[in-house]
Amino acid sequence: MKKQTKVCSHCQTEKPINQFYDSSRYMCIECERVTARERMRQTKNRLRTALRDSKKTAAKYGCYDDLTIQDLTDIYEFFDGYCPYCDKPITADQKFSIDHIRPLSKSGANTRSNTVLCHLSCNLRKKDKAVAEIFGAAKAAEIAEYSAFLRADDEVVAKCREYLNKEAAI
């Protein structure tokens with residue numbers, strides 16, 4: 001006769017086998033759900049989710065897309081963890097999103113020079129408008145400077161790739 005109970009390795013409670021997704025799992029359903037929620041609250045996983053969503057949107061509009069998780073981490077660090085629109089910190093318990101400086105719906109690209117991490121509320125406020133329309137000319141100038149800085153870096157990387165491709169072809 002098969003064993004009808006099992007001990008959850010997380011909560012250390014003996015439970016009926018039907019309280020596990022299957023007999024090979026070591027945590028009960030309740031503990032698996034709790035740990036999954038904890039994992040999804042981690043900043044890195046929230047970044048992955050935001051990246052996945054922005055890639056889907058870029059594909060929908062047929063936009064150029066080379067954004068990576070490392071780019072998002074760099075963008076977060078560039079602004080020292082602050083929202084570039086309202087200048088308030090983006091904390092772990094707040095919802096944030098990827099905003100495209102030039103919206104994807106208006107032929108913007110899903111690249112690091114066209115994206116910022118901001119509060120979800122700031123992104124919803126901006127929608128698909130220009131930064132200056134919503135946050136003022138001074139804020140638009142700051143964002144334009146940031147974007148130009150990264151765009152120049154993107155161009156250097158592209159030239160290096162082009163050079164390396166030519167060298168490899170020789």
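Each residue in segment 68-95 was checked for being in contact with a Lys or Arg (Cβ under 7 Å, 6 or more places away or on another chain), outside any helix (DSSP H, G or I) and either at pLDDT below 90 or under 17 Å from Arg151 (Cα atoms) (or both), and 0 of them qualify. One residue stands out among those in segment 121-168 that are in a helix (DSSP H, G or I) and of a type in the set (Asp, Glu): the one that is farthest from the chain's Cα centre (by Cα), which is Glu167. Counting the residues of segment 7-38 that are over 30 Å from Asp93 (Cβ atoms) and either out of contact with any Ser or Thr (no Cβ under 7 Å at 6 or more places or on another chain) or among the hydrophobic types (A, V, I, L, M, F, W, C) (or both) gives 8. Restricting segment 34-80 to residues that are more than 10 Å from the chain's Cα centre (by Cα) and polar (S, T, N, Q), the residue that is surrounded by the most Cβ atoms within 10 Å (Cβ to Cβ) is Thr57.
Please indicate, with yes or no, whether at least one residue in segment 83-90 is among the hydroxyl-bearing types (Ser, Thr, Tyr), in contact (Cβ under 8 Å) with a residue 24 or more places away in the chain and touching a Leu at 6+ places or on another chain (Cβ under 6 Å). Taking every residue of segment 83-90 in turn, none turns out to be among the hydroxyl-bearing types (Ser, Thr, Tyr), in contact (Cβ under 8 Å) with a residue 24 or more places away in the chain and touching a Leu at 6+ places or on another chain (Cβ under 6 Å).
Report yes if Arg46 is at pLDDT below 95, part of a loop (DSSP other than H, G, I, E, B) and of a type in the set (D, E, K, R), otherwise no. Against the criterion (at pLDDT below 95, part of a loop (DSSP other than H, G, I, E, B) and of a type in the set (D, E, K, R)), Arg46 does not qualify. Residues in segment 91-124 that are surrounded by 14 or more Cβ atoms within 10 Å (Cβ to Cβ) and either without any contact (Cβ under 8 Å) to a residue 12 or more places away in the chain or small (Gly, Ala, Ser) (or both): Ser97, Gly108, Ala109, Ser113, Ser121. Look at segment 17-41: where a residue is assigned to a helix (DSSP H, G or I) and a partner is at pLDDT 90 or above and among the aromatic types (Phe, Trp, Tyr), sitting 6+ places away or on another chain with Cβ atoms under 8 Å, you get Ile29/Phe20; Ile29/Tyr21; Glu32/Tyr21.
The values are calculated or read from the model by the stated rules, or taken from the named source; none is laboratory data. Remember, it's a predicted structure, so these values are computed and weren't measured experimentally. Don't worry about glycine lacking a Cβ; one is built from the backbone with ideal geometry, like all the others, and counts go over all protein chains shown.
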